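First the structure, in the form of structure tokens, and then the observations on it.
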Amino acid sequence: MREILAKILYLFYYFKVHQESKRTDSVLSIYGHDISRKNFEELVKWLLKRNYKFITPYELEDYLCGKLPCNKKYVWMSFDDGWRSNYENVFPVLKKYAVPATIFVATKGIEDGYFWFDKAFENRDSQYYDEIQELWEMQNSKRVEIISKLPYEMTVRKTMIPAELKEMTESGLVYWGNHTDDHVMSDNCTDEELATEIMICQEKMKRWTGVDCNFIYSYPNGNIDDRSEKTIKNLGFKMATTTELNRICPDTDIFRIPRMEFKDVSLTENILHIYGIWTPFFNRIKRMLGIKNKK
Ligand SMILES: [Zn+2]
């Protein structure tokens, strides 16, 4: 059903897709989480066939500082969290086509093998909260306390391991970004908590990969406020990225870089995602039907 819908929408927006795929006035900024090799490879092949140049975070900084020619088709691709599939499915494709990617790692997940939200999902009937969503919105110290009380038995590892991070670093194709240690919502933390979370991430990444992880930051869950943005700047980061759906223009705020999310879905649907067609279309439909979007 979803695939049929994607095909219909693709036909309907055929000329918009065509126009979008020719744009050189801005950088196509795309990111994902967990994806199969097939879906990822199809997306990369499609972009390469349209002559996109994949850029590193350092080239992105050059672009935003006016040091990279602005008349080319660039794509900046990133992943959040550190999912196992980034090594198993994404990395082989990066090597096959020699394209770079930026991965933002929440380091506690690499140690534990899962993220706190996996634990919360397993315990979704917990007495400590009515809905999992509450955990994303409460004070960080309170969330940590609740999560620590929940039982969890890991059956399948969900994240990469340090040796894999090292191997990916040595390939020269993977660039690392900071995503805090425990995937905390930046705006739910005190300034001290957020700074500590970021420093722990930096320390672990340096130990595992040998490289610093203090160049670019990705706000977990896209949560951002002026206070957390100030903390990121004070810690010396050069850039930060959000989950706002947009392309990157020469005058984009370097601490609020937007990204279009691709998913573990067919190429047709992902084309609609990366060109900002799918989500706005369904948001309009939901608004017409009076359905509220979940945060
Ligand atoms: Zn994340």
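With viscosity set to 1.002 mPa s at 20 °C, what whole-number translational diffusion coefficient in µm²/s follows for the stretch 172-295 from Stokes-Einstein and a Kirkwood radius over Cα pairs?
Once the numbers are plugged in, D ends up at 132 µm²/s.
Okay, helix-only estimate at 222 nm for the chain: each DSSP H run of n ≥ 4 adds -39500 (n - 2.57), divide by all residues, round to 500 deg cm²/dmol; what do you get?
-12500 deg cm²/dmol
Evaluate the Debye formula for the stretch 1-147 with equal point scatterers sitting on the alpha carbons, no solvent, and hand back log10 of I(q)/I(0) at q = 0.20 Å⁻¹, in q order, two decimals.
Result of the Debye calculation: -1.19.
Have a look at Y13, S266, N246 and report the one farthest towards the positive end of the charge dipole of the chain, computed about the Cα centre with Cβ charges (Lys/Arg +1, Asp/Glu -1).
The residue sitting farthest along the positive end of the dipole is Y13.
Towards the positive end of the charge dipole of the chain, with charges on Cβ (+1 Lys, Arg; -1 Asp, Glu), say which of I35, Y128, N221 has the farthest Cα.
The listed residue farthest towards the positive side: I35.
Any of K7/K49; K108/K238; K73/K238; K206/K238 with alpha carbons more than 29 Å apart? Name them for me.
Going by Cα-Cα distance, every pair falls inside the 29 Å limit.
Pop the C-beta distance of I200 and R37 into the FRET formula with R0 = 30 Å and round what comes out to the nearest 0.05.
0.45
Need one number: % antiparallel among DSSP beta bridges in the chain, to the nearest 5.
10 percent
With +1 on each Lys and Arg Cβ and -1 on each Asp and Glu Cβ, how big is the dipole of the chain about its Cα centre, in debye rounded to the nearest 20?
1500 debye
Please get the size of the charge dipole for the stretch 211-295, origin at its Cα centre, with Cβ charges of +1 on Lys and Arg and -1 on Asp and Glu, quoted in debye to the nearest 20.
In total the dipole reaches around 420 debye.
Dipole size in debye (nearest 20) for the stretch 98-178 around its Cα centre, Lys and Arg Cβ +1, Asp and Glu Cβ -1?
160 debye
If the chain were replaced by its equivalent ellipsoid, with semi-axes equal to the square roots of 5 times the Cα gyration tensor eigenvalues, what would those be, largest first, whole Å?
29, 24, 20
Within the stretch 116-186, report the trypsin sites (Lys or Arg not before Pro) that DSSP leaves as loop and that have at most 10 other Cβ atoms within 10 Å.
R124
What share of all Cα pairs of the stretch 117-162, in percent, falls into each consecutive 5 Å distance bin?
5, 20, 31, 20, 13, 9, 1, 0
Once every Cα of the stretch 92-176 carries one equal point scatterer and solvent is ignored, give the base-10 log of I(q)/I(0) from the Debye formula at q = 0.14, 0.17, 0.22, 0.24 Å⁻¹, two decimals.
-0.62, -0.78, -1.01, -1.13
Arranged from highest to lowest average of other beta-carbon atoms within 10 Å per residue, in what order do the peptides 175-188, 204-217, 221-234 appear?
In descending order of packing, they fall as 175-188, 204-217, 221-234.
Suppose a student asked you for the relative contact order of the chain, using Cα pairs under 8 Å spaced at least 6 residues apart; what percent would you report?
22 percent.
Values in this text are rule-based calculations from the coordinates and carry no lab data. Computed from a prediction, not measured in an experiment: that's the story for all the values here. Cβ sites come from the backbone with ideal geometry, for glycine too, and all protein chains shown count toward neighbours.
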